[in-house]
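A quick write-up on the structure given underneath.
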Amino acid sequence: MAEDLGSSLEHAFGRTCEPWFIKGEVAPCLYPCLHLMRKLSTPPVAANLRVPPAPTYCSWPCQLSCQGQQNRRVVVVDPRCLAYLAIGGTRRGLLIRWYPVVADKIPNHPASPAALRKIRIRGGSLRPSPVRTRLGLRRQADYYVQRMVKYHHRCEFHCLAEFYHAALLEGDPTVNYYVPQPFALTVNGTSYVPDIYFVRDGIQHVGELKPRGEFDAALRQPLEAFFTHHGMIFVVIDNAAVFEREIAAQNWIVIIQNLLTLEHLQTQDAEWDIVEELQGSKSLTFGDFIDVGNRAATELKEAAIYRLLHRGRITANLEQEFWGLETEVQLCI
Amino acid sequence: MYLTADERLQRHPSLRNFDNWPVIRIEEIEPEKRAAFRQNIKAMQLVLAQLPYDKIQKTTGLDPAQISRLKARALAGDEDEEPALTQALIPYARLAPPKRRKALATMVEGSGAACAFQALLNTVPGLKDGLEKLVRADLADDPNAENLTPGSFHQHFLVLLDRANHPQTTYPFTEDGLAYESCRRYYHDLRDLLLMEKSLKKQPKRIISPISSDFYFGREIQIDEHTFDAHTTIYLQWDSRLVPLRISRFTVLVVSDRDTTAYLAFHLAFTTHCSQFDVLSTLTKAGQYTEAITPTIEGIRCPPGAAFPNQISPQIARVAWHRVALDNAMSHHAYSVADYVCEQHLATLSLGTPASPKTRSLIENAIRRIADIGGRFKSTSGKNPADPHKESKKNFKNPPAGTVQVMLEAIYATLSQANNTPKAHLMGNTPLDVVRLSMSSYPLRQRAIDLNRTQSPFILEKRVNLKRIEGRAPHINFYYVRYRGECLANLLADGKKEVIVQYDYRDVRKLKVYTLDGRYVSEVSAPSSWQRFPHGVKTRQYIHRICHKLKIRMKDPLVEYFQLQLDRANKPRSALEMYRLYQEYTNPDIKLDPSNQSLPATFDDGKAPSESEILVHSMQPSDATKETIEIPEWSTNMAFHYNEIAADE
């Protein structure tokens, strides 16, 4: 049993697991703890803690970090600051305990007040409001500007992936609000503006889009702690995941532009008409509702379709096909 | 592990059937080797059929040793490597790269230089790596690297040999050229190989344009500007003779649609650096319904009917764009441009990454077309200082024959021709046909007519202070000039200190005054000295700058500024500015207030001036102009009148 545990610990903690560590009897509660540790573990950032890269059992996107090894004790902290795990050893065996967060008692912990104090909010509060892009960045970046619907103002994006991501959020009925470039922060003396803030299912997220999902660990760790402290989840999104849904993103941009163009129309009756028509025939194409030769005559229906799509009442195959007259629309089940 | 021919056949029994061997077409083999090749195939088929060698010899004429060698050549070899098979049956075919077996030649014992260079690379420590490192550094554009040539590469080769203590009595020192030719060939081969490696490894750093996209009119509109590569002229009538004046190169702006490859509009900006308002003028032109024009210049022809999509029908002109792609020029970063694109078309503004013109290849192609027109004029500035087509010194002294109108119509005709030419990638349709087709096959978005979005992009607003100074009427300071109006006194009486003024950037003679809560009050006017002609903010800023610099005060600033340009008309840039002023003073887009009698709409003869015959006026004062000397009609001789008046006084 001790050997099994030894190999598990070895697997989880690499060289920090010393032979004395697994001598003697092992507390039966160790296995649930280890299971939790495994759930927590991803490639760590601390130099003195080595976990095999990309473990298959990792289902929770967070990082382990080792905060030091004092008095033969390894402290592993969940950076979401929910709890931390202390593994200590005596000559008689292992001692593993879960402690609630007392971040200020752990030296150099990213969620400790001393560390969080280094992150400054420029502009006073964390109320999401777009940070204007300075000219230098506008000229250097792949810069896009577009009025959106869920954030009903002009939005600035610094790359195509950011723009597509916002368009995909428009099509996500669980997201009801987002703000691009929401806060201006100073992290360890460096200016930092997150790419997007969005509210999904009532939970506030702050997102950063990066190629291959690679984000500087030195910046990521304090930011995760900082946003957790403020009740938000910091996520790094892989650009490739956005580009996989490129057609959907382009379709949603077209829908947004149409929604904005026809925003002055009252479409309540037209919406009911469309729902009734779809109930009768299950699936109709977009071209069945509009008259291409006389668009003005059918603009109410056109606006109604876009609004129903945006609200998630009707659906269409937007992931594989470009939006057009042939696109089939049907009621959401 | 090395496999003999029989072992290979045991491992791969399928090879016993010659039909399973790769086929080499007989035409691919040199004619003189074909007979031997056929004989070898026949022998190999008999070998695979396990006939005794003596019988094969009788049939083919090959002796057993030859048959055995052929069998081994085709089938034997390392187990991990593919056997040569049919390739080995080609007479004298080289199956493996050549390898030197003898020792390298020395002074005492010459043994030739065959494959000696390759042997050197394989045996001398650090030589191959050292040479590869040099080429890699060169290709990687390392700041400490050297721009390699075959000569310098050979020198490095010798240095590396020396460092490896290669004996001076051995190859390459036994050769007169010190293996220069081998070194040169190796350099080129290595460079090609590494370049290929680099291009294979190269991954796009970031994705800057859509990978897959739909196809319809207005999906992506591209716009760019280009300095027209030919000097042109304007004509000034001076004592009943026409004096041509050379104007500096101006800028051409072109708008095009990416999918249909149709050109939407073009605009000439009579300045070397175009501004946001030139970009806006071009964009508004592309989105307005206009009538097709017929070129007036003899020799310039364009296809009948519409030249641009906005001339086909008002519905097509009203199509809202999906995305507008611009480059990183400063004028494109203006908020007014973003306003126009994002509010009027509700489209995406894409400013792209710096130095990546290929993402907007279509517009660059349009620029090339226009540059080609410029190159046809003798007054072309050429593509570079050494261009043989560049205007000669002889011609430079005499202003060229090409006028602005010729340029204008030449560009119009060229773009019209391009829009009406069937294209292979459009399945034999013209770009304008595809635009028409898009209207019926795609739910193109139409711009809203109502709402505030249709406001001209040139209408701007500013918040200003109300001024009350002792002994002066209440006024507003706006671009160095005091604006007065009766409403201002009332506003001050109501306790207002600030108001919002709305103005047209191209004509700031009058301002509309609004209170801070958005209520329209009235209009205020600039002093009468600034009322004569429509003039923009830019002109006023120029005039103010000159007055400030020369420490002068102008009685009639608009005319005196024109006179200043006229005095320096022999300078192309001043002539260009003069032409810009002319355009501004007679801008037909600005709706003049008919009640204001002082505003000129015509020249002395009562006709509206045409752009080609600009500034055609006599410098002699006429009776008509003398009569209206208080507020004279606009003309080039206006400053002359003032001088005359000053002399009389």
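The values are calculated or read from the model by the stated rules, or taken from the named source; none is laboratory data. Since the model is a prediction, treat every value here as computed from it, not as a measurement. Quick reminder, even Gly has a Cβ in these numbers, built from the backbone with ideal geometry, and neighbours come from all protein chains shown. Only protein heavy atoms, including side chains, enter the accessible area calculation; ligands, DNA and RNA are left aside. Shrake-Rupley method; radii C 1.70, N 1.55, O 1.52, S 1.80 Å.
Leaving out ligands and nucleic acids, and using a 1.4 Å probe, what accessible area per residue does segment B:1-69 come to in Å²?
With the other protein chains kept in place, segment B:1-69 gives 67 Å² per residue.
For segment A:200-307, what mean projected area does the convex hull of the alpha carbons give, in nm²?
10.0
So how long is each side of segment A:181-221 along the principal axes, counting just the alpha-carbon atoms, biggest first, in Å?
The principal-axis extents, from largest down, are 32, 24, 16 Å.
Over the Cα atoms of segment B:446-516, what Rg and Dmax result, in angstrom?
According to the Cα coordinates of segment B:446-516, Rg and Dmax are 14.5, 55 Å.
Can you give me the orientation-averaged projected area of the convex hull built on the Cα atoms of segment A:250-320, in nm²?
4.9
So if R0 is 25 Å, what FRET efficiency would B:C547 and B:Q502 give, r being the distance between their Cβ atoms, rounded to the nearest 0.05?
0.40
So how strong a dipole does segment A:227-333 carry about its Cα centre when Lys and Arg Cβ are +1 and Asp and Glu Cβ are -1, to the nearest 20 debye?
Computed about the Cα centre, the dipole is about 300 debye.
In square nanometres and to one decimal, what's the mean projected area of the convex hull around the Cα atoms of segment B:285-346?
With the hull built on Cα positions only, its mean projection is 5.9 nm².
When the label point is put 7 Å from the Cα of B:R34 along its Cα-to-beta-carbon vector, which residues of segment B:69-90 have a backbone N closer than 16 Å?
Output list for this probe position: B:90.
What is the spread of the Cα atoms of segment B:1-72 along each of their three principal axes, largest first, in whole Å?
Here the spans come out as 36, 27, 21 Å, largest first.
If I model a spin label as a point 7 Å beyond the Cα along the Cα-Cβ vector, how far apart are those points for B:R568 and B:Q57 in nm?
About 10.4 nm, to one decimal.
Separation between the A:Q266 and B:Q87 pseudo-spin-labels, each 7 Å from Cα along Cα→Cβ, expressed in nm?
Going by the 7 Å Cα→Cβ label model, 8.1 nm.
I need the Kirkwood Rh of segment B:240-300: take the reciprocal of the average 1/r across all distinct C-alpha pairs and report it in angstrom.
Mean inverse Cα-Cα distance, inverted, gives 14.1 Å.
Using a Förster radius of 41 Å, what is the FRET efficiency between B:K467 and A:L135 based on their Cβ-Cβ separation? Nearest 0.05, please.
The pair B:K467/A:L135 has a calculated efficiency of 0.80.
What FRET efficiency comes out for B:Y2 versus A:D216 if R0 is 51 angstrom and r is the Cβ-Cβ distance? Round to the nearest 0.05.
Calculated value: 0.45.
Can you pull the one-decimal nm distance between simple spin-label points at B:L492 and B:N365, each 7 Å off the Cα toward Cβ?
For B:L492 paired with B:N365, the spin-label model returns 6.3 nm.
Quick check on segment B:1-42: what are the equivalent-ellipsoid semi-axes from the Cα gyration tensor, as sqrt(5λ), descending, whole Å?
Equivalent-ellipsoid dimensions as semi-axes: 26, 12, 9 Å.
Expected output is a single nm value to one decimal: the length gained when fully extending between B:E175 and B:R94, i.e. 0.36 nm times separation in residues minus the C-alpha distance. What is it?
26.5 nm
Kindly list the residues of segment A:141-167 that lie in the label zone of A:S125, defined by a backbone N under 19 Å from the point 7 Å along the Cα-to-C-beta vector.
Answer for segment A:141-167: A:152.
Which of the peptides B:513-526, B:556-569 is most tightly packed, and how do the rest follow, judged by the mean count of other Cβ atoms within 10 Å per residue?
Final packing ranking: B:556-569, B:513-526.
Expressed as cubic angstrom per residue, what is the convex hull volume of the alpha carbon set of segment B:133-186?
Looking at segment B:133-186, the number lands at 75 Å³ per residue.
Across peptide B:439-448, what mean number of C-beta atoms from other chains lies inside 10 Å of a residue's C-beta?
5
Could you pull out the pairs from B:K467/B:K549; B:K497/B:K551; B:K496/B:K551; B:K551/B:K571 whose alpha carbons sit more than 25 Å apart here?
Pairs exceeding the cut-off: B:K467/B:K549; B:K497/B:K551; B:K496/B:K551.
Grab the Cα-Cα distance for B:S14 and B:Q118, subtract it from 0.36 nm times how many residues apart they are, and report the gain in nm with one decimal.
Gain in length upon complete extension: 33.7 nm.
Return the average number of partner chain Cβ atoms within 10 angstrom of each residue Cβ along peptide A:310-323.
Average per residue, whole number: 1.
Once the convex hull of the C-alpha atoms of segment A:147-252 is built, how many Å³ does it hold per residue, rounded to a whole number?
In segment A:147-252, the Cα hull volume divided by residue count equals 95 Å³.
How large is the accessible surface per residue of segment B:462-584, computed with a 1.4 Å probe and reported in Å² as a whole number?
Per residue, segment B:462-584 has an accessible area of 52 Å².
Of B:Y187, B:A164, B:N144, whose Cα points farthest to the positive end of the dipole of segment B:121-217 (charges on the beta-carbon: +1 Lys, Arg; -1 Asp, Glu; origin at the Cα centre)?
B:N144
Sorted by average packing, counted as other Cβ atoms within 10 angstrom per residue and highest first, what order do A:120-131, B:94-105, B:65-76 take?
B:65-76, A:120-131, B:94-105
Could you order A:W272, B:W21 by accessible surface area, starting with the largest, using a probe radius of 1.4 Å?
A:W272, B:W21
Once the mean 1/r over all distinct Cα pairs of segment B:467-563 is inverted, what Kirkwood radius in angstroms do you read off?
Every distinct Cα pair counted, the radius reaches 14.4 Å.
Going down the list B:K133/B:K201; B:K393/B:K538; A:K118/B:K201; A:K210/B:K201, which pairs span over 29 Å between their C-alpha atoms?
Checking Cα-Cα distances, B:K393/B:K538; A:K118/B:K201 exceed 29 Å.
What Kirkwood hydrodynamic radius, in Å, does segment B:104-145 give when the mean of 1/r is taken over all pairs of distinct Cα atoms and then inverted?
For segment B:104-145, the Kirkwood estimate is 12.2 Å.
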